[in-house]
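Written below as structure tokens is the structure these notes are about.
The values are calculated or read from the model by the stated rules, or taken from the named source; none is laboratory data. Quick caveat, the model's predicted, so the values are computed rather than measured. Here the Cβ is made from the backbone with ideal geometry for all residues, glycine too, and neighbour counts use every protein chain on show.
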């Protein structure tokens, strides 16, 4: 009904949008200027492109396919611990990649649990390194995400339909065809596209589990060109390739990617009258147990191993932890300054277009932005001195698309509900933010801040480009310990990192929900 | 005085024409079939929906393009009349200061208004802790402190039970009389019309008809109104 634009100032939003665009475009321009086009892409570069695309396709496909039975089981079963399991499904999103990798190594690695059991059965050892390791880690991260999104899909089916199906005594097959398949057909492409885009720009997983000529992503190739060969031209050229690939995919996926909710209501099981048979029950139990084990074993392994190592952590780890907290705090701050006005600007606009600005962060890979800023900073200053601020900034930009997806729908709804009232009252400017927007968005803000903080604490990306021996964040320090085969200390650091990431998320999210009444 | 001068509202296929003069201090009931444009008429008067042609004048001043907050009107919507995260006192206070920087004199006014609607004991509560009727009273207390020349009601009491609705309507009428405001309200119930309306604006067939005396119209309705009333 409110056709008049609500008096949220466009100016601050435009400034924020311009700032985001400038940060990314400056990096882009620097990269393009430095790109060594003359040489073109070598054979190794093409291999990286192929590997990047292939692992992303495989990761997306496997995650989505496995998520279907798990989500279906969760949607139609009620059991003790269901709520906890669904909460746990949210964990990998804020789980530092390097921590998960250590967990996966402990379970699936050369001397891991699986190989030990296999060895006793006389099976040859399985290596986790290479394509299947990268895909395994990506599935570990994205299966839960896919499951949650599909569960949302299941819950979007009105309960009356299931009641009707129960009355009609529809067979599982008929119910699947009539109710579940139409929903899946709508939701699956978006979920797959989202995971595909996320995996395209994967760096830390490839850094730790990939590598070599047969398992290098573009992102990793940028890092190697940069770090080992110090070939800025080639790093820049690869960045351009990455931009075209990931950017193109992100823009294409923009229309498919589903909204990210707070996950409220997911723990509300629906009463179902179908799928009471033994076979269906067996399938569901298997899916749930396997999914839970797949998630819990690596996490449990990190905790157990870490408990042993956490008491003899070197001082450098604690220093790195302080740096990480600093980086995370700064990221959240930057994000608040950028995301709030941006969200305000987008929410008062018609759907579509404006949201693309936030997605620029997703399209431009972190290492590409990092490379660009390294090129810009290098002639003026020692980039290592700016490693922490740049990391914070890039982390904030990376979180921006997710944060906008969290904030904008709620803001839109708030303005729709209370816009007319604020107008008759003549509320505008800062008063409107202070009295309406901030209090109404507090839960979303807390969630978004927690997400950003946790992602930033656990990020192993740009920092690897910029850091020198003195400056490191906790994930980088942990990676160095792993590289030096100091696994005990690395495990301790992993536990510390895990606790930090979860604590950051928990504190912010709690703040958001505190007094979040009505 | 509120003048709708050859006013025309167009929204897609829908269009509504109105040409009338409303006197301040009187109460007008807007009735008509659903979808006829009653709410749209109110929204246009209040400035939420653009006017495609014609003018809207208040006391001779053209307010067609004026911001909803500056038209000397206050409107109660079907819902979302209160901010759930603010206290009752703050919600009322917004009628005085849209940035809520309240001075001592403002607070006195708020307390007086709350006392007038019988909510003195609830000033520190949030709307969620009140009943539906009490929430309506909070909104009315704000109307009282705003003391604007026109009060527009878009069925704000539709969700209340019959007895409570009548009580609220009486309160609205009293408050309007106390502040000397004109009242324009959308309603479905002929009883409400008889109870508080001086005149009736019948909206039907893309036209808001010139207001006529309420009792007379209801007792002796023209064919279109008769068809609507049943």
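General observations
- The selection criterion, being under 24 Å from residue B:15 (Cβ atoms), in contact with a helix residue (DSSP H, G or I) (Cβ under 7 Å, 6 or more places away or on another chain), buried (at least 24 other Cβ atoms within 10 Å of the Cβ) and assigned by TED's automatic domain parsing to the domain that holds residue B:1, does not hold for residue B:197.
- Being surrounded by 15 or more Cβ atoms within 10 Å (Cβ to Cβ) and within 14 Å of chain A (Cβ to nearest Cβ) is a property that residue B:151 has.
- Test: residue in segment A:16-32 that is assigned to a loop (DSSP other than H, G, I, E, B), surrounded by fewer than 21 Cβ atoms within 10 Å (Cβ to Cβ), at pLDDT below 90 and out of contact with any strand residue (DSSP E or B) (no Cβ under 8 Å at 6 or more places or on another chain): no
- Flag for residue B:42 being in contact (Cβ under 8 Å) with a residue 12 or more places away in the chain, assigned to a loop (DSSP other than H, G, I, E, B) and within 12 Å of another protein chain (Cβ to nearest Cβ): no
- Where helices (runs of 4 or more DSSP H) fall entirely within segment A:450-518, those with at least 2 residues that are farther than 21 Å from residue A:220 by Cβ are at A:487-513.
- Residue check for residue A:437: more than 14 Å from chain B (Cβ to nearest Cβ) and either crowded, with 24+ Cβ neighbours inside 10 Å or over 19 Å from the mean Cα position of the chain (by Cα) (or both): no
- Single unsatisfied condition, residue A:81 versus (1) surrounded by 15 or more Cβ atoms within 10 Å (Cβ to Cβ); (2) modelled with pLDDT under 90: (1)
- When residues of segment A:387-427 are limited to those that are out of contact with any helix residue (DSSP H, G or I) (no Cβ under 8 Å at 6 or more places or on another chain) and within 13 Å of chain B (Cβ to nearest Cβ), the one surrounded by the most Cβ atoms within 10 Å (Cβ to Cβ): A:419
- Residue A:156 being in contact (Cβ under 8 Å) with a residue 12 or more places away in the chain and either out of contact with any strand residue (DSSP E or B) (no Cβ under 8 Å at 6 or more places or on another chain) or surrounded by fewer than 19 Cβ atoms within 10 Å (Cβ to Cβ) (or both): yes
- Pick from segment A:274-283, criterion crowded, with 16+ Cβ neighbours inside 10 Å and more than 15 Å from residue A:154 (Cα to Cα), ranking: modelled with the lowest pLDDT: A:280
- The residues on offer are B:30, B:51, and the sole one that is in a strand (DSSP E or B) and in contact with a helix residue (DSSP H, G or I) (Cβ under 6 Å, 6 or more places away or on another chain) is B:30.
- Any hit, segment B:110-120, residues being farther than 15 Å from residue B:143 by Cα, touching a helix residue (DSSP H, G or I) at 6+ places or on another chain (Cβ under 7 Å) and away from chain A (no Cβ under 13 Å): yes
- In the set A:237, A:200, only one residue is surrounded by 23 or more Cβ atoms within 10 Å (Cβ to Cβ) and in contact with a helix residue (DSSP H, G or I) (Cβ under 6 Å, 6 or more places away or on another chain); that residue is A:200.
- Number of residues in segment B:68-84 that are facing chain A (nearest Cβ under 7 Å), part of a loop (DSSP other than H, G, I, E, B) and farther than 23 Å from residue B:123 by Cα equals 0.
- Total residues in segment B:47-67, condition surrounded by fewer than 23 Cβ atoms within 10 Å (Cβ to Cβ), under 28 Å from residue B:141 (Cβ atoms) and within 12 Å of chain A (Cβ to nearest Cβ): 4
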